[in-house]
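> Take this structure, written in structure tokens, and hold onto it; I'll ask about it next.
The values are calculated or read from the model by the stated rules, or taken from the named source; none is laboratory data. Every value quoted in this text rests on a predicted model; they were computed, and no experiment measured them. Note that we place each Cβ from the backbone using ideal geometry, even for glycine, and neighbour counts take in every protein chain shown.
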Amino acid sequence: MNVLGIETSCDETAAAVVSEGRIVRSSVVSSQVHLHARYGGVVPEIAGRAHVERIVPAIREAMAEAGLGRPDAVAATYGPGLVGSLLVGLSAAKGLAMAWDVPFVGVNHLEGHLFAPVIEEPDLEWPLVVLLVSGGHTLLVEAAAPGRYRLLGQTLDDAAGEAFDKVARYLGLGYPGGPAIDRAAEEGDPAAFRFPRAMLDGSYDFSFSGLKTAVVRAVERHPSAATSDVAAAFQEAVVDVLVTKAARAVRARGAKGLCLGGGVAANSLLRRRAPQAVDVPTYLPSMAMCTDNAAMVAAAGSFRLAHDGPSPLSLAADPNLFLEVVA
């Protein structure tokens, strides 16, 4: 079965075709980074308008690259995300499903990220602990099998990627903040500052708002401090929290592997530290699978179609959608 996936939850206009739930036949991602860079973050109205302009060319390119005239189903992200952005992809998917007379499947963006390892690692051993870290989300999830999840912890304020963006903007490093902090930290001393780790003992939840404030206060006290040192110390604190909690979850849940997902999974320090912290295999997604893409949406859509059937065309965009927990 060939499933066309469409992803427009934030600022990436993406389309992809996936066969048999995991074989990527095409994957097209149109980035909007240059449109939002001057603002230091994603502007929802600009993102929505850009999706309108780019969605049809992205779908055409994905279909042509896959050599398809018509897929067997169409899957699209319906939440969580920016409502204006979600509506563009969701409307396109419904219209195409009707025109082609094929099933339509709504996909939870968070579950899409959980399917990224399934695409790249065919021999995964379950259960897994998945650390999903992006600009909008920071979650620890126990995955007993595809579609069977238990939420262990989540951010109580800023997501990790959001904290990277805000600190990078404060330090004048530009947008997107994750890669900017990563580059600056290469030249810095992570021991130059000892920033707080909000470990929230006994919990798998996260909190990065206080860390962001600590960075501001440190720079105010030490205005001549090297930006690279501040970036390195900040990155060290974030990664320390993420890895410590993920490793604790792996041990406590008896997981057979640790998976990373989301844009922050591209961070070089996190990719080095995570495998060192656990004694089970660590699955690091490729850079293409870290960021938002439609291949993961098509893969999750294939699974949902097989297990739950098609979604109704009345399915609405849900910007605050939670990850459905199924034991």
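> If we keep just the residues of segment 57-71 that are buried (at least 16 other Cβ atoms within 10 Å of the Cβ) and more than 17 Å from V29 (Cβ to Cβ), which is modelled with the lowest pLDDT?
Only one residue fits best here, namely L68.
> Right, here's the next one. Any residue in segment 14-23 that is crowded, with 19+ Cβ neighbours inside 10 Å and more than 24 Å from G95 (Cα to Cα)?
Looking through segment 14-23, none of the residues is crowded, with 19+ Cβ neighbours inside 10 Å and more than 24 Å from G95 (Cα to Cα).
> Among the residues of segment 303-327, write down those that are of a type in the set (F, W, Y) and at pLDDT 95 or above.
Pass one, segment 303-327, residues of a type in the set (F, W, Y): 303, 322.
Passing the criteria: only F303.
> For residues that are among the hydroxyl-bearing types (S, T, Y) and closer than 29 Å to A233 by Cβ, scanning just segment 267-302, find the one that is surrounded by the fewest Cβ atoms within 10 Å (Cβ to Cβ).
Keep residues of segment 267-302 that are among the hydroxyl-bearing types (S, T, Y), which gives 268, 282-283, 286, 291, 302.
Now drop any that are not closer than 29 Å to A233 by Cβ, which leaves 268, 282-283, 286, 291.
Values: S268: 14, T282: 19, Y283: 21, S286: 11, T291: 20.
Looking at residues that are among the hydroxyl-bearing types (S, T, Y) and closer than 29 Å to A233 by Cβ, I get S286.
> Here is a further query. Does E12 satisfy being closer than 29 Å to G178 by Cα and in contact (Cβ under 8 Å) with a residue 24 or more places away in the chain?
So E12 fits the description; yes.
> Select from segment 148-170 the residues that are of a type in the set (F, W, Y) and within 30 Å of A252 (Cα to Cα) and write down the one among them that is farthest from the chain's Cα centre (by Cα). Walk me through it before giving the result.
So the first thing to find is which residues in segment 148-170 are of a type in the set (F, W, Y), and the list is 149, 164, 170.
Keeping just the survivors that are within 30 Å of A252 (Cα to Cα) gives 149, 164.
On the way: Y149: 17, F164: 14 Å.
Filtering first and then ranking leaves Y149.
> Go through segment 202-247 and give me each residue that's part of a loop (DSSP other than H, G, I, E, B) and under 24 Å from the mean Cα position of the chain (by Cα).
Within segment 202-247, S203, Y204, D205, S207, F208 meet the criteria.
> Would you be able to say whether some residue in segment 271-290 is touching a residue at least 12 places away in the same chain (Cβ under 8 Å), touching a Lys or Arg at 6+ places or on another chain (Cβ under 9 Å), in a helix (DSSP H, G or I) and closer than 28 Å to T8 by Cβ?
Within segment 271-290, none of the residues are touching a residue at least 12 places away in the same chain (Cβ under 8 Å), touching a Lys or Arg at 6+ places or on another chain (Cβ under 9 Å), in a helix (DSSP H, G or I) and closer than 28 Å to T8 by Cβ.
Residues checked against (1) modelled with pLDDT of 95 or more; (2) within 30 Å of A73 (Cβ to Cβ):
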{"residue": "T244", "(1), (2)": "yes, no"}
{"residue": "L269", "(1), (2)": "yes, no"}
{"residue": "S286", "(1), (2)": "no, yes"}
{"residue": "M289", "(1), (2)": "no, yes"}
{"residue": "V297", "(1), (2)": "yes, yes"}
{"residue": "G301", "(1), (2)": "yes, yes"}
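> Can you tell me which residue in segment 1-19 is nearest to the chain's Cα centre (by Cα), limited to those that are assigned to a loop (DSSP other than H, G, I, E, B) and modelled with pLDDT of 95 or more?
Looking at residues that are assigned to a loop (DSSP other than H, G, I, E, B) and modelled with pLDDT of 95 or more, I get S9.
> Determine the pairs where a residue that is under 26 Å from P127 (Cβ atoms) and in contact (Cβ under 8 Å) with a residue 24 or more places away in the chain, located within segment 228-246, has a partner that is part of a helix (DSSP H, G or I) and acidic (D, E) with Cβ atoms under 7 Å apart, the partner being 6 or more residues away or on another chain.
Taking only residues 6 or more apart or on different chains, not a single pair turns up.
> Give the residue, chosen from I46, I55, I23, that is farther than 19 Å from L86 by Cβ, over 19 Å from the mean Cα position of the chain (by Cα) and hydrophobic (A, V, I, L, M, F, W, C).
When all the criteria are applied, what remains is I23.
Residue-wise test of (1) at pLDDT 95 or above; (2) more than 20 Å from D308 (Cα to Cα).
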position	(1), (2)
A73	yes, no
A76	yes, no
V88	yes, yes
W100	yes, yes
P103	yes, no
F115	no, no
E142	yes, yes
G147	no, no
A191	yes, yes
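> While we're on this one: Assuming G95 fulfils every condition listed in (1) in contact (Cβ under 8 Å) with a residue 24 or more places away in the chain; (2) among the small types (G, A, S); (3) out of contact with any Leu (no Cβ under 6 Å at 6 or more places or on another chain) apart from one, which condition is it?
Going through the list (1) in contact (Cβ under 8 Å) with a residue 24 or more places away in the chain; (2) among the small types (G, A, S); (3) out of contact with any Leu (no Cβ under 6 Å at 6 or more places or on another chain), G95 breaks only (1).
> Give the residue, chosen from A50, A14, that is over 30 Å from L171 (Cα atoms) and either in contact with a Phe, Trp or Tyr (Cβ under 8 Å, 6 or more places away or on another chain) or not hydroxyl-bearing (S, T, Y) (or both).
Values: A50 fails: over 30 Å from L171 (Cα atoms).
A14 is the lone residue from the list that is over 30 Å from L171 (Cα atoms) and either in contact with a Phe, Trp or Tyr (Cβ under 8 Å, 6 or more places away or on another chain) or not hydroxyl-bearing (S, T, Y) (or both).
> Quick test of your reading of the structure: H307 fulfils all but one of (1) closer than 19 Å to G147 by Cβ; (2) crowded, with 19+ Cβ neighbours inside 10 Å. Name the failing condition by number.
Of (1) closer than 19 Å to G147 by Cβ; (2) crowded, with 19+ Cβ neighbours inside 10 Å, only one is false for H307: (2).
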